[in-house]
Every structure is written in C-alpha cells, then in structure tokens.
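Student: I'd like to ask some things about the structure below.
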Protein chains: 4
Amino acid sequence: MAKPEKRDEIIRAAMELIAEHGFHGAPMAAVAEKAGVAAGTIYRYFESKDDLIRETHAHVEARILAALTQNYPVEQPVRERFLHIESKLIAYFLESPMEFRFMEQFFNSPFGVAHRREKLFGNKEKNIIFKLFEEALEQRAIKDLPLPVLCALAFGPLVDVCRDHILEFIILDDMLIEQTVAACWDALKR
Amino acid sequence: MAKPEKRDEIIRAAMELIAEHGFHGAPMAAVAEKAGVAAGTIYRYFESKDDLIRETHAHVEARILAALTQNYPVEQPVRERFLHIESKLIAYFLESPMEFRFMEQFFNSPFGVAHRREKLFGNKEKNIIFKLFEEALEQRAIKDLPLPVLCALAFGPLVDVCRDHILEFIILDDMLIEQTVAACWDALKR
Amino acid sequence: MAKPEKRDEIIRAAMELIAEHGFHGAPMAAVAEKAGVAAGTIYRYFESKDDLIRETHAHVEARILAALTQNYPVEQPVRERFLHIESKLIAYFLESPMEFRFMEQFFNSPFGVAHRREKLFGNKEKNIIFKLFEEALEQRAIKDLPLPVLCALAFGPLVDVCRDHILEFIILDDMLIEQTVAACWDALKR
Amino acid sequence: MAKPEKRDEIIRAAMELIAEHGFHGAPMAAVAEKAGVAAGTIYRYFESKDDLIRETHAHVEARILAALTQNYPVEQPVRERFLHIESKLIAYFLESPMEFRFMEQFFNSPFGVAHRREKLFGNKEKNIIFKLFEEALEQRAIKDLPLPVLCALAFGPLVDVCRDHILEFIILDDMLIEQTVAACWDALKR
DNA sequence: AATGAATGAGCTTTCATTCAT
DNA sequence: GATGAATGAAAGCTCATTCAT
C-alpha cells in the first residue's frame, strides 16, 4: 500500500470508531486493526492520538465544505444560497452518518472548543458560510445579530434534527427537511 | 458532615469535573478528592460511576425543571409561556455554567441517548415543555411539525448561544437574549 | 439478643457464606448482614477475620466430634468402631453440607495446614480417631503404617465421595455408603 | 526473550504463586514481577486472570498425563497398570511439589468443580484412567462401584499422602509408597 | 518504513478495619 | 456495647506510546 493510502485508511478507521464509540471506544490498537496496519505505524503518520483526531476532523471538514460548495448558486439571492447550504448539509449528514457522529464527538470535546475559537478569532480566511451571513447582513436580509447567534439559529436546529434522524427518533423525509430549513430561515429573516 | 451533605458534595464534585473535563477527565479519585471524601466513600452513595453520572443528571435536571416552573404564567397565551421558558432556561444556564456544561456532556453520551429515547417513547408523564407544544399545536399557533423538530427549533439555537456565551465567544446581554428568543419563536410560529 | 447468641449468629453466618462462596465471597459486611449485626460488632467478638475463621472452624469441629462420639460402641471390636466412625461422619456431612464445604475451604488454606501440623505434632490430647488407630495397630488389626497414611486411607475416599454427592456427581444411598466404608476398611485391614 | 518463553514464564510464575499462596495470594502484579514482565504483558498472552489459571491448569495436567503415559505397560494386567499409574503419579507429585499444590488449589475452586463436571458428563475422550477402570470392571477385577467412587478409593489417599509428604508431616520413601499403593488396590479389588 | 510486543501509569471497584456517635 | 459511615490500600485490567527487529 502506498503511503497516502495508508494515511487515509487510518483516518477512516479512526473516524468510524470514534463516530460509533466515542473517543473512549477508539483505542489506537483498534484503529490500527481496522486500518489494517500495525499500531506503531500510526505514529509514522500522526504524532499522537490527539493529532490523529485533529487531522481526522480536518479531513471530514474539508469533505463537508466541498459538498456545500458543489453547485453553490453564486448568482442567486442570499435566501436561495442559504437554503442550498442547509439542504446540502442535511443531505450530506444523512448520507454520511458516521461523519456526522464524528463531528458531534469532536465538537463536544476540548478539541472542538479550540477549533471554534480559532475559527472565530483567528486570522484564517472566512469560509463560505461566514461570507454569506455577512452579505446577508449588509443587504439587511436577516436580523442584525452577532455571527455566532446567526450560526446558532441556522445550524443548531439542523444538527439536532439530523441527530434525531440518525438515532431514529424521527424520519426526515424531503418534505420535513424543506419545512425545517424554511423554519430556520424564518428565524433568521427580518 | 451529615449523610445527605456528603452525597451532595460528591454530586457537586462529579458535576464540576465532568463539566470541565468530560467523563474521562473525571476519575473517581478526583471526584473523591474534590468532594473531600475517600475514594471508597463514593460507593456508599452510588453503585458505580455510571450510577453517579445518572444521579448527577437527575439532580441537575430537577433543578432546571424547578427553575422553569417558577412563576410559570399558566394563564397566559402559549407564546408568552414559550418566551418564559426560553428566557428562564437561558438565565439558568448563564448563572450555572457548570450545570450547563455537564448537561452537554451528558446528552452527548450513551446516557443522554438512552435518556432521550425514554423521554420520547417511554410512558413517563410528559413534562411542561411537551405539554406546551401540544397545546400550541392544537391552537394552530405553531407549525405542524413533529415534537423533536419543534424542540430542535426552540432549543437548538438556545443551547448554542449559551455555550458560546460560556466559552466567551459572545456576550449575551438582556437585549441579545430577547432577540434570540424572539427569533426562535419566529422559527416556530405559523 | 444476649451476647453468646450474637456470637453464634456471626459464626453461623460466616460458616454458611464461606461454605457457599469461599473466603473471597464472604466479606465481613456480608457476614454482618447475614448475622443481623453491624459490621463493627463482629470485632467485639473476634479479633480479626482470621480469628473469626479459626473460631468458626473450632465450632464446626466440635460439632463433628460430638456426632462421632454419640453412641460410640466403646465395647465393640476396632473394626465395628471404625465402621461406626466412618458411617457417622458420612451421615453428618450429608446432613450438613454447609459444614462439609466449610471444612473443605478451611483445610485447603493456610489455616488448615497450621491446624493439622498442630494436631500431629502438638501436645493436645489425642482425639478419638487417633486413639482408635493406635489400638488397632497394637492389636495388629490394621496395616502397620504411619498415622497420617492411615488417615489418608480411611478418610481420603470418604471426603471425596461426600464432595461428589454434594456436587451431585453421584448419589450416595445406604448401600453405596456401606460399600465405600467397607472398601476403606479393606485398605486398612491386614 | 522469545514469545513462547514469555508465556511459559508467566505460567510458571502463576503456578508457583498460586501453589504457595492460593488464588488470592497471587495478584497479577506479583505474577508479572515473578515472571519478569510488566503487568500489562500478561494480558497479551491471557485474556484474564481466570484464563491464565485455566491455561496453567491445562499445562500442568498435560505434563502429568505425559508422566503417567510414559512406559505405560499396555500389555500387562489391570492390576499392574493400576500400580504403574499410582506410582508414577506419586513420583511426579513428589518431584514437582509446586504442581501438586497448584492442582490442589485448582480442584478446590469453582474452576475445579466445572472441570470435573465436564470430565464426568462431557463428551470429551475418556482419559487413560477412566479407560483402565472400565476394563477392570468388565473383567470383574475390581468392585462394582461408580466411577467417582473408584477414583475416590484410588486417588483420595494418594493425594492425601502426597500432601502430607510435601508438608513434611510424613516422609514417603519407596517402601511406604509401595505399601500405600498396595492398600489402595486392596480397597478396589474384589 | 513497518511491525507488534512490551511497557507501566492510571482506571474503577472492593473490603478489612476503625472510631465517633 | 453496638453501630455503620468512612477509610485507603490493593485488586484486575486497559491503552497510548515506544523501540528492537
């Protein structure tokens, strides 16, 4: 197996184990076995378990961002672009429940807090979502609230309904997805 | 120290350690030290670590429910009652950030999933929130959506903004709280 | 409850718990609960767990010796007396499986070794069995072997069959008991 | 140290500690230290302490069986074969007192009971001893008694005298061994 | 570069014993 | 005398990480 494939296998194994069993339930030996490598090999690609977790997160985040960006209707009004992002995100999570569960584990941990802090206050380039909200604010299309509050209104319910679907508390069909996304827009719009 | 005080001290210690460091940042030895008892003493009050966690959750949940119920405006329209609950909940969380963080850890764990499943599908008496949503649905005051979705719209953003406040990503003043709660209502209302 | 009754209750509780679950499975707290006293109370009657075990053994041993001595046919030939002892012993063990199991636990432990050493080499008065063997040796009724070997031939099989009966590997009826005892005599007799 | 040697060292350490101090005088840390490995290492070779004990027993049992089978006089009458087995067994135990004491601990424990039950009622191939007794029964060379009773008569005294020798209550010289074995045969023979 | 056996600190839990009431 | 809550050492076991091969 060539080098980058091995790295990917390790990340995939870590992601699935963490998604299913939490950080606790993903010992390095189990990650190694699932990835088809020796335990020591992981340490050639990642400095430590923490590093592996952060890199796994970066990997998943990149895939999610790619999914959101695909067919992004740049030319359309903010409302349409918002609905696009929300729908794509829900669709992605429902198709990739492992990645969803991994992200939940990640955010609900010291890693996630550090990551959000960096995103909000660091000097990294703003992502597509932040840009959309800023444009919407300028156009006075949405309520004049701080970015974190807008994110909360837009994504808080979305994440909750995805979780409930994955846990089989509800069944999210197209109709319900549309209604949920519309309700989130109601929360945001002026 | 009398018996119930010791139990309370242990619960408080567990709650704070779990809030700050998660379940695996809260070894029983640390809980014991923080509570000012010997490690073995915990097992006079709780069968196991799992039991301690569940009892800690029950303790916090009872306190939250008490806070919501206090001065609950039974006679007023559903919208006012909804605003009451949301405001009280935010107020409680901001005053008790440890309890908030504990609840987050709890819900994001096998305990939390089991607890929600029981709440949704078990035969326990419906709580004040479920009752309010059902009344609101009957009056056609809110969108006709499944209970879990309504909860997501009402509490998803609320929890997010509380977390952001506690992590000092934003500062939730009275004005901002009011606006956030109003936005949640916008998401729900027909 | 008067003092000696309490002591007896503790001994009975210890005996039964040790018989059923071994020394491991008889924590002092369980002994106390079974005896209907507080944990600390045991230490008024016995210095330590070891002491309790030794006293429990002495208690059971005395009861067994009493059973053997009852109706002991002093006037009859050694063979008849031997058969009496063997039969009484088997009868006692089958009626009191708890005591049998306790004795097995006891002998198979450091306590038991010390106790036998004391019995063989100490200056305590010889018991009925030792006296019987010595008389039989004088009369040249049995093989000229050291006392421990005679005990082994006489009681080794007996203990084994009692254990097998209690564990339900065999059913010891009167016929089988008689045959077994007779076989033991065959081993001893000249 | 190569892999199988390490496993053997652990078994040897466990066997000796259990022989000398019983199951609860053999904590895993002590076994590890005596074997010259780290505590965790044991768990690479054995699933649990129970597993280690069972494997240690299997190891010792295999060695004993090998000793009995060596030079087994297949062609000779049952009596000679019986005397062979008894003598070899005594010889083996006296040469390997640790293994003898380990086996005593093992049989006097839940493990041993389960093991005997399996041997008596399971469908495993009969061992050399059971086969010998069955042949002897067919030839009407020995008393018509259930297998467990025959075992008791044959091995009960044998085990007792070995124990007494190891504990230095008696000294088993060749003469005494021969006499004891002969006495056991007297118990069995018609 | 890859392996996987070995490590040992750290986890949860038990229990003989003490002592303030 | 009796109580039983409290103690804390010690148990079995796990797992991130290292390193000789």
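Student: Could you give me the residue pairs with C-beta distances under 7 Å whose first residue belongs to the range B:151-163 and is closer than 10 Å to B:Ile90 by Cβ and in the same structural domain as B:Phe93 (by TED's automatic domain parsing), whose second residue is aromatic (Phe, Trp, Tyr) and assigned to a helix (DSSP H, G or I) wherever it lies, and which are 6+ apart or on separate chains?
Tutor: Every condition considered, the pairs that remain are B:Cys162/B:Phe93; B:Cys162/B:Phe100.
Student: Can you find even one residue in the range B:17-29 that is more than 21 Å from B:Ser96 (Cβ to Cβ) and of a type in the set (A, V, I, L, M, F, W, C)?
Tutor: yes
Student: Please work out which residue is farthest from D:His24 (Cα to Cα), limiting yourself to the range C:9-38 and to residues that are touching a residue at least 24 places away in the same chain (Cβ under 8 Å) and surrounded by fewer than 16 Cβ atoms within 10 Å (Cβ to Cβ).
Tutor: Checked the range C:9-38; the qualifying residue farthest from D:His24 (Cα to Cα) is C:Gly36.
Student: I've got another one for you. What are the pairs with Cβ atoms under 6 angstrom where one residue, in the range D:39-53, is away from every other protein chain (no Cβ under 14 Å) and the other, located anywhere, is more than 6 Å from DNA strand F (Cβ to nearest atom) and of a type in the set (Phe, Trp, Tyr)? Sequence gap at least six, or different chains.
Tutor: Close Cβ pairs (under 6 Å, with a partner that is more than 6 Å from DNA strand F (Cβ to nearest atom) and of a type in the set (Phe, Trp, Tyr)) amount to D:Leu52/D:Phe46.
Student: Next question, about the same structure. Could you tell me which residue of the range C:172-185 is nearest to C:Phe93 (Cα to Cα), considering only residues that are of a type in the set (Val, Ile, Thr) and more than 9 Å from chain D (Cβ to nearest Cβ)? First the steps, then the outcome.
Tutor: Keep residues of the range C:172-185 that are of a type in the set (Val, Ile, Thr), which gives C:177, C:180-181.
Keeping just the survivors that are more than 9 Å from chain D (Cβ to nearest Cβ) gives C:177, C:181.
On the way: C:Ile177: 12, C:Val181: 14 Å.
For the range C:172-185, the residue satisfying everything is C:Ile177.
Student: Checking the conditions here, which among A:Ala32, A:Ala114, A:Ala66 is among the small types (Gly, Ala, Ser) and within 14 Å of chain B (Cβ to nearest Cβ)?
Tutor: Every option except A:Ala114 fails the conditions.
Student: Among the residues of the range C:9-16, are any touching an Asp or Glu at 6+ places or on another chain (Cβ under 8 Å), more than 14 Å from DNA strand E (Cβ to nearest atom) and away from chain D (no Cβ under 14 Å)?
Tutor: Among the residues of the range C:9-16, at least one is touching an Asp or Glu at 6+ places or on another chain (Cβ under 8 Å), more than 14 Å from DNA strand E (Cβ to nearest atom) and away from chain D (no Cβ under 14 Å), which makes the answer yes.
Student: I'm trying to understand the selection: among the residues of the range A:38-61, which are more than 11 Å from DNA strand F (Cβ to nearest atom) and out of contact with any Ser or Thr (no Cβ under 9 Å at 6 or more places or on another chain)?
Tutor: Step one: of the range A:38-61, the residues more than 11 Å from DNA strand F (Cβ to nearest atom) are A:45, A:54-61.
Within the range A:38-61, A:Tyr45, A:Arg54, A:Glu55, A:Thr56, A:His57, A:Ala58, A:His59, A:Glu61 qualify.
Student: Please specify each residue of the range C:94-108 satisfying the condition of being surrounded by fewer than 18 Cβ atoms within 10 Å (Cβ to Cβ) and within 11 Å of chain D (Cβ to nearest Cβ).
Tutor: Result: C:Phe107, single match.
Student: Additional query: Can you name the helices (runs of 4 or more DSSP H) wholly within the range A:20-92 that have at least 2 residues being over 23 Å from the mean Cα position of the chain (by Cα)? Outline the logic, then answer.
Tutor: On the way: elements: A:28-35, A:39-45, A:49-69.
Fully inside the range A:20-92 and qualifying: A:28-35, A:39-45.
Student: Which numbered condition trips up B:Asp144, out of (1) away from DNA strand E (no atom under 16 Å from the Cβ); (2) surrounded by fewer than 13 Cβ atoms within 10 Å (Cβ to Cβ); (3) closer than 28 Å to A:Phe102 by Cα; (4) within 14 Å of chain A (Cβ to nearest Cβ)?
Tutor: Of everything listed in (1) away from DNA strand E (no atom under 16 Å from the Cβ); (2) surrounded by fewer than 13 Cβ atoms within 10 Å (Cβ to Cβ); (3) closer than 28 Å to A:Phe102 by Cα; (4) within 14 Å of chain A (Cβ to nearest Cβ), B:Asp144 misses just condition (3).
Student: For B:Glu125, state whether it is exposed (fewer than 13 other Cβ atoms within 10 Å of the Cβ), more than 16 Å from DNA strand F (Cβ to nearest atom) and within 30 Å of A:Ile166 (Cβ to Cβ).
Tutor: yes
The values are calculated or read from the model by the stated rules, or taken from the named source; none is laboratory data. From a predicted model like this one, the values you see are computed outputs, not experimental measurements. Don't worry about glycine lacking a Cβ; one is built from the backbone with ideal geometry, like all the others, and counts go over all protein chains shown.
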